[in-house]
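Notes follow once the structure below has been shown.
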Amino acid sequence: MPRRRIGFWYRFAAVLCKPPLVVLVKRDWRGMENIPAEGGFITAVNHNSHVDPFAYAHYQYNTGRVPRFLAKAALFRKGFVGAAMRGTGQIPVYRESTDALSAFRAAIDAVERGECVAFYPEGTITRDPGQWPMTGKTGAARVALQTKCPVIPVAQWGANLLLPPYAKKPNILPRKTHHVLAGPPVDLSRFYDKEMTPDVLKEATEVIMAAITVQLEVIRGEKAPETPYDPKQVRIEQRRRARAHEKAEQEEGHGK
């Protein structure tokens with residue numbers, strides 16, 4: 001979407017949000033040349049702070065290709081916030097309802113109209129202890145394989161230092177730097193002729209997440225863990241340990 005079509009609501013949001021962002025964080029923004037100048041595409045972005053959607057939107061706003069985020073449907077019903085969400089063309093996500101697929105269809109429609117849809121494939125703020133990207137959900141891969149549009153992997157770091165994951169109070173001083181690095185499009189061509197089975201979508205998602213992680217390694221100057229943090233597997237392991245502990249206590253009680 002060219003800058004001339006950004007529209008009133010996005011410009012108004014920029015007027016409100018940019019000044020405090022400029023004051024609170026310095027900027028190290030790279031890779032804007034990888035943001036397509038025209039045509040529909042996806043950006044796949046890591047998520048490590050409640051602040052980073054605003055900081056990242058600032059980055060992409062400055063490229064002239066404003067993003068349409070997928071966001072919780074409840075936000076669209078909250079007064080001014082809801083009006084802004086609707087006015088800027090964000091996409092509501094209805095979880096566990098008959099409208100759950102509407103976000104997927106809206107994302108495809110937006111891409112096919114030549115817009116950018118920004119995905120947080122992790123679905124929530126990372127729970128990885130080192131704040132590396134977790135395993136991703138398959139929504140971005142599904143839209144990418146359906147439309148065969150470019151997928152731009154984007155890593156960001158620094159908003160999480162201003163407001164750490166799940167923290168309630170910001171850490172304003174010293175002034176933080178928001179680092180963003182957009183990489184070249186992810187090559188998903190090997191999946192195009194395959195049926196979109198769960199296994200294919202999972203593999204394509206892993207390729208996307210790996211590309212995001214590579215960009216974050218460049219920003220942080222260190223290697224990520226070999227195996228991405230998987231919250232589902234962590235929960236399974238925690239339940240297994242809890243059952244084992246409970247069983248051991250029961251056996252100990254019977255032995256007395």
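The values are calculated or read from the model by the stated rules, or taken from the named source; none is laboratory data. The model shown is predicted, which means the values in this text are computed figures rather than measured ones. All Cβ positions, even for glycine, are placed from backbone atoms using ideal geometry, and neighbour counts span all protein chains on display. Quick note on the areas: whole protein, heavy atoms, side chains included, nothing else; ligands and nucleic acids left out. Shrake-Rupley method; radii C 1.70, N 1.55, O 1.52, S 1.80 Å.
Observations on the model:
- Our note on the geometry: Cα centres of the stretch 201-237 and the stretch 12-46, 23 Å apart.
- Taken one residue at a time, the phi angles of the stretch 133-150 give Karplus couplings (6.51, -1.76, 1.60, θ = phi - 60°) of x, 8, 4, x, 8, 8, x, 4, 5, 4, 5, 5, 6, 5, 9, 6, 7, x Hz. Gly and Pro are set to x.
- Backbone geometry of the stretch 215-230 corresponds, through the Karplus equation with coefficients 6.51, -1.76 and 1.60 at θ = phi - 60°, to 3J(HN,Hα) couplings of 5, 5, 4, 5, 4, 7, x, 8, 8, 7, x, 5, 10, x, 5, 10 Hz, x marking Gly and Pro.
- Heavy-atom accessible surface of the chain, averaged per residue, reaches 55 Å², computed with a 1.4 Å probe.
- Exposed GluC sites (Glu not before Pro) absent: longest stretch of the chain, with sites in DSSP loops and at most 16 other Cβ within 10 Å deemed exposed: 97-194
- Fraction of the pair-distance distribution of the chain above 28 Å, Cα-Cα pairs, percent: 36
- Unsatisfied cross-links (Cα-Cα over 21 Å) in the set Lys169/Lys232; Lys176/Lys232; Lys148/Lys194: Lys169/Lys232; Lys176/Lys232
- Protein heavy-atom surface of the chain, 1.4 angstrom probe: 56% of the accessible area is carbon and sulfur, with nucleic acids and ligands not counted.
- If you plug the beta carbon distance of Asp199 and Arg30 into 1/(1 + (r/R0)^6) with R0 = 41 Å, you get a FRET efficiency near 0.75.
- The stretch 58-163, dipole about Cα centre (Lys/Arg Cβ +1, Asp/Glu Cβ -1), debye to the nearest 20: 180
- DSSP beta bridges in the chain [antiparallel fraction, %, rounded to 5]: 15
- Put simply, the convex hull of the Cα atoms in the stretch 43-186 casts, on average, a shadow of 9.4 nm².
- Summarising the amide proton neighbourhood of Asn62: residues at separation of 5 or more, or on other chains, whose placed amide H is nearer than 5 Å comprise an empty set.
- Considering helices alone, the calculated mean residue ellipticity of the chain at 222 nm is -13500 deg cm²/dmol, with DSSP H runs of length four and up weighted by -39500 (n - 2.57) and normalised per residue.
- Mean separation of Cα contacts under 8 Å, 6 or more apart, over the residue count of the chain: relative contact order %: 25
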